[in-house]
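The values are calculated or read from the model by the stated rules, or taken from the named source; none is laboratory data. All values reported here derive from a predicted model rather than from experimental measurement. Neighbour counts run over all protein chains shown; Cβ positions are idealised from the backbone, glycine included. Please note that ligands, DNA and RNA were not included when accessible areas were found on the heavy atoms of the full protein model with its side chains. Shrake-Rupley method; radii C 1.70, N 1.55, O 1.52, S 1.80 Å.
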Amino acid sequence: MKIFLDTIDVQAVERLKATALIDGITTNPTLLSRAGRNPTQEIIKICALLPNGDISVEVTEKDAEAVYRQAHKIADLARNVVVKIPCHADYYPVIRRLVDEGIALNITLVFTLAQGLMMSKLGVRYISPFVGRWDDNDVEGAELLYAMRRMIDTYGFQTKILAASLRHIRHFHYAIEARSDAVTLPISLFEKAMTHLLTERGIEVFDADWAKLGVKTFP
């Protein structure tokens with residue numbers, strides 16, 4: 001499974017790169033709007049920090065032809081950019097054109113199995129089902145991950161499932177159990193997943209017991 005960070009924070013990416021766990025970054029217009037700097041330059045910096053990672057960058061245009069042109073400009077920013085496009089019916093023909101032209105795509109805001117099937121038929125690299133937003137509406141969003149896994153495996157599609165809108169550790173566990181190909185995590189959730197209270201307590205017990213021995217050097 002690939003682990004992506006959902007962020008535009010260059011310093012955080014540089015710091016967490018040392019974990020050797022980060023396979024890429026996802027961004028969206030909301031994150032870019034919070035950057036407080038030139039978003040294009042921030043994306044280029046992140047692409048350079050993770051040259052072998054997939055860096056998802058979303059279109060901001062609305063008209064289908066404008067989306068098509070912008071997608072090419074975004075793809076030209078770096079060789080490891082993956083263009084994000086919302087799963088909107090107006091963009092389906094554009095998505096197919098871009099796939100045929102070799103543009104790597106991450107289709108975002110996917111909420112149904114039917115949408116996942118259609119995007120898989122179009123041959124996109126990633127589909128991003130949103131788990132947390134379903135939960136916000138009293139629907140178990142994780143079920144969509146399991147259903148998409150069965151669908152893709154049944155029909156032999158090459159599209160990857162990128163579990164998105166993960167709000168807590170339970171969502172992360174569901175994505176793992178559902179055999180999602182990738183997850184995107186907020187930095188706070190990624191850092192929380194690396195730790196556990198019982199791990200910390202166990203270390204404290206070991207340290208206390210070792211101190212009782214009074215050994216100064218080991219081995």
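Computed from point charges on the beta carbon alone (+1 for Lys and Arg, -1 for Asp and Glu), the dipole magnitude for the stretch 138-177 about its Cα centre is near 160 Debye. Only DSSP H runs of four or more residues enter the estimate; each adds -39500 (n - 2.57), and after division by the residues of the chain the mean residue ellipticity at 222 nm equals -14000 deg cm²/dmol. Once the C-beta distance of residue 176 and residue 92 is scaled by a Förster radius of 35 Å, the resulting FRET efficiency is 0.70 to the nearest 0.05. Excluding same-chain residues fewer than 8 positions from residue 121, which aspartates and glutamates have a Cα within less than 16 Å of its Cα? Reachable aspartates and glutamates: 100, 101, 153.
Compared with the dominant principal axis of the Cα atoms in the chain, helix 113-122 is inclined by about 70°. Straight-line cross-link reach from residue 17 at under 29 Å between alpha-carbon atoms covers these lysines, not counting any fewer than eight positions away in the same chain: 2, 45, 73, 84, 160, 192.
Largest GNM mean-square fluctuation across 160, 192, 84, computed for the chain with C-alpha springs under 10 Å, falls on 192.
Helix 197-213 and the long axis of the chain differ in direction by around 20°, with both axes built from C-alpha atoms.
For the stretch 170-216 versus the stretch 43-68, the inter-centroid distance based on Cα atoms is 32 Å. Nearest 10 degrees, 0 to 90: what angle lies between the long axis of helix 142-155 and the longest principal axis of the chain (Cα atoms)? With both axes taken from Cα atoms, the answer is about 60 degrees.
When the surface is traced with a 1.4 Å probe over the full set of protein chains, residue 60 keeps roughly 80 Å² accessible.
For the options 166, 145, 32, a Gaussian network treatment of the chain with springs between C-alpha atoms closer than 10 Å singles out 32 as fluctuating the most. Label positions at residue 17 and residue 41, each projected 7 Å from the Cα along the C-beta direction, are separated by 1.8 nm.
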